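A.B. asks: Right, I'll just put the structure down here and ask away after.
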Protein chains: 2
Amino acid sequence: MPTMPTMDERKSRVLQAIVDDYVATAEPVGSRTIARKYRLGVSPATIRNEMADLEELGYLEQPHTSAGRIPSDRGYRYYVDWLMEIKEATPEEQERLRRIFERKVWEFESLVRAAARALSDMTHLTGVVVGPQSEEARFREIRLVPLASDRALLVYITDTGFVENAVVDLPFEVTMVELQQISSLLTEHLRGQRVELMGRGALQALQRELGRYGRLLEQTLEFLSESIQPGERRRVYVSGVPYMLEQPEFRDVQKARAIFALLEQEAVLEEVLNLPESDTVQIQIGAEIKVEDLHDCSIISATYTAGDRTIGRVGVIGPRRMDYGRVVAMVDEVTRRLSGVLGRQRLVD
Amino acid sequence: MPTMPTMDERKSRVLQAIVDDYVATAEPVGSRTIARKYRLGVSPATIRNEMADLEELGYLEQPHTSAGRIPSDRGYRYYVDWLMEIKEATPEEQERLRRIFERKVWEFESLVRAAARALSDMTHLTGVVVGPQSEEARFREIRLVPLASDRALLVYITDTGFVENAVVDLPFEVTMVELQQISSLLTEHLRGQRVELMGRGALQALQRELGRYGRLLEQTLEFLSESIQPGERRRVYVSGVPYMLEQPEFRDVQKARAIFALLEQEAVLEEVLNLPESDTVQIQIGAEIKVEDLHDCSIISATYTAGDRTIGRVGVIGPRRMDYGRVVAMVDEVTRRLSGVLGRQRLVD
DNA sequence: GTTAGCACTCTCTCCCTGCAAGTGCTAATT
DNA sequence: AATTAGCACTTGCAGGGAGAGAGTGCTAAC
């Protein structure tokens, strides 16, 4: 009865060599290449035997009989779990990131766009940043600014320092003074409450409580409660999609198209990056990704925070064949810097 | 001496048929196809003669000796100027647009994103919306909200109803009350002034004027005047880039890559769409576009307004071979609806 | 347990050929 | 004078080997 081979030191060295080489060249790796380029001190024939074992163990695949081997999902998984070497960013890259995050005046959206761009430029893969979920935030201040006699600009600021705004067409006329009164009342009564809960129910409760302030306020609240749907808010910032076209795995336009179409759908990206929280960099490889069309890709991501609150996620999407050690370092670096900048802000009352 | 042929009724019918057919099939059009599909009542041989004339006039090109003809830039130009039929949006498309723009509560960014997406979905080309230029706007209200003892959120609202915000790290500590005072003073003194002018000079002038309010205000102003750089603000919203990969002209990945990379650069898009104002839809064909890499594309765009003020531009980018009549109608439709929604807001004091 | 040798498999490239499409030109026709 | 039929010519493209190259698995020797 044939017995299953077991993983050992040399096999893992061979696996490491294959992953490293395949990542670098995009060509299936043969036994001779390994023997020549990576001094393992054994002949191609020995390596062939090891490779056959590694294939039996599920770490390698063969595109066709007479080609070299490429790593399987499982092979990559073993590689990132045990073999990968983290490659810190170069001084130039550090400098670039420092410049992005050192500014004394910045706007969140520009910041995360720059972060996504830097990630994609440095890795030549697609950089992604998932923005804040307003649902978890709490109201800090609410203002209604008149734009027309029956139109106002609703602006609210959350405790995490984000500003949201919407134009509201009121079904009745209102004066500037009235809007100001309503703003004050709203701020006074909603401050500290979670944005997520500002649905119909909460506003109707508020409406009853404040009913005595008159018919106008009542109408406004009623209207607002009907109109405001939080959710759908979480924005995703993507950069460097064209870099994917440099990768040989996407020289087939049809394949590229399917993935590009996905990368334009914020909902898909958000779902794919919706992982259990963790304070380390997360790696998803091939079929580990929930979305079928991304099974030829890998995703490396980590959460960023503002103080003790998780805000969103920073990540990189690319073909499975990517330089994991480098990308992990980049994602980690960007995440920490972003959290660093955001972390210095706390709710102050 | 051979004389130059002249454009006549029949030649223009032939040109029209060639453009229409090429747009539909993406294949060079031969004389027989024209004779068969477009009833011009003449034989292929006659059409061949007309085609030779049209080529001599510069309206057609031949990819190689034994292929059919395709329109040149000049041919498309003649087509859009004289021959094109505007094809109104279908009721379903109208309905989709209506839904996007009918909402009673909306946020500008979501609105233009939806507009860009609708444009790209309907045309299967890339939809683009250039956002407002904050420079032309005037301050309406300014607020500094405390985020930490030495950090504030600067929020300003413009007279056109746009909200901008930035986090400001102050080089000194400040109390909430002080920030509120400064906010009021800033609003009071800057209201109505153009955002563009809020550079060093203007704030320093303000600083002198308000100097008596104390050292803190002075410092804040000094800091703000050093930090705030408007400009770079104009944001561009792009949607449907992957649709381009459906077009046969982009089955060459390298070509696609060059153009995709451009479409990620907001500055390039802004420049390319920076046309002299006009209240009609503008068409740029091939080499008419300022950017070399887009010479295989055409751009159809129009400005949108809020009342009497121009805000930005809505457009569609695609290969030169596009259904001009349809796209023009779409761009026009979206522009008018967007202007309609924005137009109802005016500065009210 | 390791390695050299070797037959075998598979893909990829190159080249060749035939085919299809379309043209321009000439001569005949209206 | 304009139009059309006919025909020789050009060109791109698909299909079909042939041959090279890379890599493997297996066997037998070390």
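A.B. asks: Out of (1) more than 14 Å from DNA strand D (Cβ to nearest atom); (2) away from every other protein chain (no Cβ under 14 Å), the odd one out for A:ARG103 is which?
C.D. replies: A:ARG103 satisfies every listed condition except (2).
A.B. asks: So B:ASP150 passes all but one of these: (1) touching a residue at least 40 places away in the same chain (Cβ under 8 Å); (2) open to solvent by 30 Å² or more (accessible area, probe 1.4 Å). Which condition number does it fail?
C.D. replies: Among (1) touching a residue at least 40 places away in the same chain (Cβ under 8 Å); (2) open to solvent by 30 Å² or more (accessible area, probe 1.4 Å), the lone unmet condition for B:ASP150 is (1).
A.B. asks: Just wondering, is there one or more residues in region A:82-99 that are surrounded by 16 or more Cβ atoms within 10 Å (Cβ to Cβ) and of a type in the set (Val, Ile, Thr)?
C.D. replies: Checked region A:82-99: no residue is surrounded by 16 or more Cβ atoms within 10 Å (Cβ to Cβ) and of a type in the set (Val, Ile, Thr).
A.B. asks: Same structure again: Would it be correct to say that A:GLU50 is at pLDDT 95 or above, within 23 Å of A:TYR324 (Cα to Cα) and outside the structural domain of A:VAL334 (by TED's automatic domain parsing)?
C.D. replies: Considered against the rule, which asks whether it is at pLDDT 95 or above, within 23 Å of A:TYR324 (Cα to Cα) and outside the structural domain of A:VAL334 (by TED's automatic domain parsing), A:GLU50 comes out as no.
A.B. asks: From the set of residues in region B:64-81 that are open to solvent by 40 Å² or more (accessible area, probe 1.4 Å) and near DNA strand C (Cβ under 10 Å from one of its atoms), which is nearest to the other protein chains (Cβ to nearest Cβ)?
C.D. replies: B:HIS64
A.B. asks: From the list B:ARG103, B:ARG113, B:ARG117, B:ARG98, pick out the single residue that is assigned to a loop (DSSP other than H, G, I, E, B) and under 30 Å from A:GLU266 (Cα atoms).
C.D. replies: Just a single option satisfies the conditions, and that option is B:ARG103.
A.B. asks: Taking region A:17-61, which residues are β-branched (Val, Ile, Thr) and away from DNA strand C (no atom under 14 Å from the Cβ)?
C.D. replies: Listed by number, the residues that qualify are A:ILE18, A:VAL19, A:VAL23, A:THR25, A:VAL29, A:THR33.
A quick yes/no check of all residues on (1) within 14 Å of chain A (Cβ to nearest Cβ); (2) open to solvent by less than 20 Å² (accessible area, probe 1.4 Å):
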position: B:GLN265; (1), (2): yes, no
position: B:PRO276; (1), (2): no, no
position: B:CYS297; (1), (2): no, yes
position: B:SER301; (1), (2): no, yes
position: B:ASP323; (1), (2): no, no
position: B:ARG326; (1), (2): no, no
position: B:THR335; (1), (2): no, yes
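A.B. asks: Please go through region A:12-66 and pick out each residue that is more than 7 Å from DNA strand D (Cβ to nearest atom), small (Gly, Ala, Ser) and part of a helix (DSSP H, G or I).
C.D. replies: A:SER12, A:ALA17, A:ALA24, A:ALA35
A.B. asks: Yes or no: region A:250-261 includes at least one residue that is away from chain B (no Cβ under 14 Å) and assigned to a helix (DSSP H, G or I).
C.D. replies: There is no residue in region A:250-261 that is away from chain B (no Cβ under 14 Å) and assigned to a helix (DSSP H, G or I).
A.B. asks: Out of all the residues in region A:136-162, which are of a type in the set (Val, Ile, Thr) and closer than 15 Å to A:GLY307 by Cβ?
C.D. replies: A:THR158, A:THR160, listed by residue number.
A.B. asks: So which of B:LEU97, B:LEU111 is over 30 Å from A:ARG138 (Cβ atoms) and away from DNA strand C (no atom under 16 Å from the Cβ)?
C.D. replies: B:LEU97
A.B. asks: Does any residue of region B:78-90 turn out to be out of contact with any helix residue (DSSP H, G or I) (no Cβ under 6 Å at 6 or more places or on another chain) and within 15 Å of DNA strand D (Cβ to nearest atom)?
C.D. replies: No, the conditions are met nowhere in region B:78-90.
A.B. asks: Take region B:177-229 and flag every residue that is at pLDDT 70 or above, under 31 Å from the mean Cα position of the chain (by Cα) and closer than 19 Å to B:ASN165 by Cβ.
C.D. replies: B:LEU190, B:ARG191, B:GLN193, B:ARG194, B:VAL195, B:GLU196
A.B. asks: Can you tell me how many residues within region A:154-184 are assigned to a helix (DSSP H, G or I) and either open to solvent by 20 Å² or more (accessible area, probe 1.4 Å) or within 7 Å of chain B (Cβ to nearest Cβ) (or both)?
C.D. replies: Going through region A:154-184 one residue at a time, the tally reaches 6.
A.B. asks: While we're on this one: Please go through region A:109-121 and give me each residue that is open to solvent by 20 Å² or more (accessible area, probe 1.4 Å) and either away from every other protein chain (no Cβ under 14 Å) or in contact with a Gly (Cβ under 9 Å, 6 or more places away or on another chain) (or both), ordered by number.
C.D. replies: Scanning region A:109-121 gives A:GLU109, A:ARG117, A:ASP121.
A.B. asks: Could you list, in sequence order, the residues of region B:260-288 that are closer than 14 Å to B:VAL331 by Cβ and either among the hydroxyl-bearing types (Ser, Thr, Tyr) or under 13 Å from the mean Cα position of the chain (by Cα) (or both)?
C.D. replies: B:LEU273, B:LEU275, B:SER278, B:THR280, B:VAL281, B:GLN282, B:ILE283, B:GLN284
A.B. asks: Is region B:135-147 home to any residue that is in a helix (DSSP H, G or I), modelled with pLDDT under 95 and within 12 Å of another protein chain (Cβ to nearest Cβ)?
C.D. replies: No, there is no match, as no residue in region B:135-147 is in a helix (DSSP H, G or I), modelled with pLDDT under 95 and within 12 Å of another protein chain (Cβ to nearest Cβ).
The values are calculated or read from the model by the stated rules, or taken from the named source; none is laboratory data. Predicted model, so just to flag it, every value in this text is computed and none were measured. Quick reminder, even Gly has a Cβ in these numbers, built from the backbone with ideal geometry, and neighbours come from all protein chains shown. These accessible areas exclude ligands, DNA and RNA; they are computed on the full protein's heavy atoms, side chains included. Shrake-Rupley method; radii C 1.70, N 1.55, O 1.52, S 1.80 Å.
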